[in-house]
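The values are calculated or read from the model by the stated rules, or taken from the named source; none is laboratory data. Just so you know, these numbers come straight off a predicted model, no measurement behind them. Glycine gets a Cβ as well: all are built from the backbone with ideal geometry, and neighbour counts include every protein chain shown. Surface areas here come from the heavy atoms of the whole protein model, side chains and all, with no ligands, DNA or RNA. Shrake-Rupley method; radii C 1.70, N 1.55, O 1.52, S 1.80 Å.
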Amino acid sequence: MIGLRTQGLTKRFGGLLVTDDVSLDIRPGELHAIIGPNGAGKTTLVNQLSGELRPDAGAVWLGDEDVTAVPLHGRACRGLLRSYQITSIFEEFTVLENAVLAAIGAKGGGYGFWRAMMGQEDARRQAEDALHATRLEARRDAAAGELGYGERRQLELAMALAAQPRLLLLDEPMAGMSIEESAAVVQLLQSLKGRYSMLLIEHDMDAVFALADRITVLVSGRAAFCGTPDEIRNHPEVRAIYLGDEQGEFTGVAHG
């Protein structure tokens, strides 16, 4: 596990300021959530953390290393992984084979001949451990193309875990899921807490409050508030900006 921090992170697109002097501190082993209305700049911020976008100002540290100038693949090799960035699922391959691919690819290994890949014991062991962690062991021999939507999202997470992340960026892992599927993912992430450092972006506020150790509220590109779930839930400005309905009651659904 490793922490991540930013200082003064700023990003503009033309005259539009999308990330405005954001400083974050994600502690080792913490599940830190970022919430905010649509258009608050959450995706742009995560793109800068993962290395997909270069900030105009500010810095990103992974542990004690300044990785501001390190591109996406370099950050992945250092253990900073975004759940979808290595998860191009091959539908004709089995669940296990997809996880093995992710384990090899994250380390910069060539794919080579498939049988040789499946013979790489370290990668296979990492893949099997990831399927166990994500409760996909029973589906290991199923073709990925046969999976339902919720299981595909589980496989995406399994592939990220197979790459042995030190810090995992989870961008709306419950998007498009049913209530039952979302509840299963909450249980899954709960079981992973403390084993990985995680940054979570999610619109399901019930899930955020159930999972997060701390929450940062992003408003118009700025990190406006940071605190524990109870502190954020009861913060009057947060309730007014994001969480509350017209009567100021928490609804559990993201507004905006």
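Note down the nm distance, to one decimal, between modelled labels 7 Å out along Cα→Cβ at Glu231 and at Asn38.
3.0
Can you tell me the orientation of helix 121-133 relative to the chain, as the angle in degrees between its alpha-carbon axis and the longest Cα principal axis, to the nearest 10?
For 121-133 against the chain, the angle is about 50 degrees.
Compute the longest continuous run of the chain that contains no exposed chymotrypsin sites (Phe, Trp or Tyr not before Pro); treat a site as exposed when its DSSP state is not H, G, I, E or B and it has at most 11 other Cβ atoms within 10 Å. Mind showing how you got there, number by number?
Working: sites that count: Tyr111, Phe113.
Looking at the chain, 114-256 is the longest stretch - no exposed chymotrypsin sites (Phe, Trp or Tyr not before Pro) with at most 11 other Cβ atoms within 10 Å.
Could you please report the charge total around Glu137, scoring K, R as +1 and D, E as -1 over all other residues with beta-carbon less than 14 angstrom from its beta-carbon?
Net charge in that neighbourhood comes out at +1.
Taking K and R as +1 and D and E as -1, what net charge do the other residues with C-beta under 15 Å from the C-beta of Lys42 add up to? Mind showing how you got there, number by number?
Details: positive: Lys11, Arg82, Arg222; negative: Asp20, Glu52, Asp171, Glu172, Glu202, Asp204.
With Lys, Arg at +1 and Asp, Glu at -1, the net is -3.
What is the angle, in °, between the Cα long axis of helix 95-106 and the longest principal axis of the Cα atoms in the chain? Nearest 10 is fine, range 0 to 90.
70
Do the sum for the chain: with -39,500 (n - 2.57) for every DSSP H run of n ≥ 4, divided by all residues, what is the mean residue ellipticity at 222 nm, to the nearest 500 deg cm²/dmol? Walk me through the numbers before you get to the answer.
Values: 9 runs with 85 residues, N = 256.
Helix-only estimate at 222 nm: -9500 deg cm²/dmol.
What does the net charge come to around Ile232 if you take all other residues with beta carbon closer than 14 Å to its beta carbon, with K and R at +1 and D and E at -1?
Residues close to Ile232 contribute a combined charge of -3.
Please report the carbon-and-sulfur percent of the accessible area for the chain; probe 1.4 Å, protein heavy atoms only, DNA, RNA and ligands left out.
That share works out to 48 percent.
Suppose all protein chains stay in the model; what accessible area per residue would a 1.4 Å probe give for the stretch 142-226, in Å²?
Details: 3030 Å² over 85 residues.
Using a 1.4 Å probe on heavy atoms only, each residue of the stretch 142-226 averages 36 Å².
I want to check the label-to-label distance for Ile179 and Ser23. Put each point 7 Å from Cα in the C-beta direction and report it in nm to one decimal.
A separation of 4.3 nm, rounded to one decimal place.
Need one number: nm distance between label points at Leu16 and Asp64, each 7 Å from Cα along Cα→Cβ, rounded to one decimal.
Calculated label separation equals 4.0 nm.
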